[in-house]
Amino acid sequence: METGSPADAGTTGTEPAWTGLPPGLLRMRRLLLVVWLGLTALAVALLLGLLAGPVWAAFALLPLAALAWGWVLLGRNWRSWRYAERADDLLISRGVLWHEETVVPYGRMQLVEVTSGPVERHFGLASVQLHTAAAATDATIPGLEPAEAERLRDRLTELGEARSAGL
């Protein structure tokens, strides 16, 4: 008799040990949201206030409402991201409304990259991107601390080489 869900296939019948993303990613995304929508609200208020009158400047409240809504959505999205290293594959789970779980077998990995743009570097973050033979199964884990991203890259590369040697 089989126990567990299909996502548990390949484990010893226990739930995989999930790892969430660090809070630095949420801070970075929220700061970018505040900067862009705050500047948009200021620009709308100034332009409409000067060109159309102070009553029209109230439309500057729309970007501020979007900021409040985005703040909540970013938190929910950040909490939905997680990954788990299992014996034969890596699981990546994400999404609030449309939940998506990606399973990347170690033996199918062709390239594991660690990338960090200027904003990510400022916040001390890096992303791990996994490339496989099938473009549809490429996966990314954003917003990791650089040491964890490098550890994960090295471990996945090592496991990928060991698993692909048997193919």
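The values are calculated or read from the model by the stated rules, or taken from the named source; none is laboratory data. Computed from a prediction, not measured in an experiment: that's the story for all the values here. For neighbour counting, all protein chains shown are included, and Cβ atoms are generated from backbone atoms with ideal geometry for every residue, glycine included. Only protein heavy atoms, including side chains, enter the accessible area calculation; ligands, DNA and RNA are left aside. Shrake-Rupley method; radii C 1.70, N 1.55, O 1.52, S 1.80 Å.
Just need a number here: residues in the stretch 31-49 that are closer than 14 Å to Phe59 by Cα, within 24 Å of the chain's Cα centre (by Cα) and surrounded by fewer than 16 Cβ atoms within 10 Å (Cβ to Cβ). Walk me through it before giving the result.
Restricting attention to the stretch 31-49, the residues satisfying the condition of being closer than 14 Å to Phe59 by Cα are 37-49.
Narrowing the set further to residues that are within 24 Å of the chain's Cα centre (by Cα) leaves 37-38.
In the following step, the residues that additionally are surrounded by fewer than 16 Cβ atoms within 10 Å (Cβ to Cβ) were identified as 38.
So the answer is 1.
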Note to self: among the hydrophobic types (A, V, I, L, M, F, W, C) and in contact (Cβ under 8 Å) with a residue 12 or more places away in the chain: is that true of Leu97 in this structure?
What the structure shows: no
Next item on the list: May I ask you to list pairs of residues, at least six apart or on different chains, whose Cβ atoms are under 6 Å apart, with the first in the stretch 37-60 being over 26 Å from Leu74 (Cβ atoms) and the second being modelled with pLDDT of 85 or more?
Entry: Leu48/Phe59; Trp56/Leu48; Ala57/Ala45; Ala57/Leu48; Ala57/Gly49
Item checked: Count of residues meeting criterion [over 30 Å from Gly24 (Cα atoms) and open to solvent by 50 Å² or more (accessible area, probe 1.4 Å)] in the stretch 50-78 -> 8
Margin query: Looking at the stretch 93-111, can you tell me whether even one residue there is closer than 16 Å to Leu26 by Cβ, acidic (Asp, Glu) and touching a strand residue (DSSP E or B) at 6+ places or on another chain (Cβ under 8 Å)?
Written below: no
Note to self: Please determine whether any residue of the stretch 129-139 is at pLDDT 90 or above, among the acidic types (Asp, Glu) and either more than 15 Å from Pro22 (Cβ to Cβ) or touching a Pro at 6+ places or on another chain (Cβ under 6 Å) (or both).
What the structure shows: no
Next item on the list: Among the candidates Gly53, Gly49, single out the residue that is in a helix (DSSP H, G or I) and modelled with pLDDT under 90.
Entry: Gly49
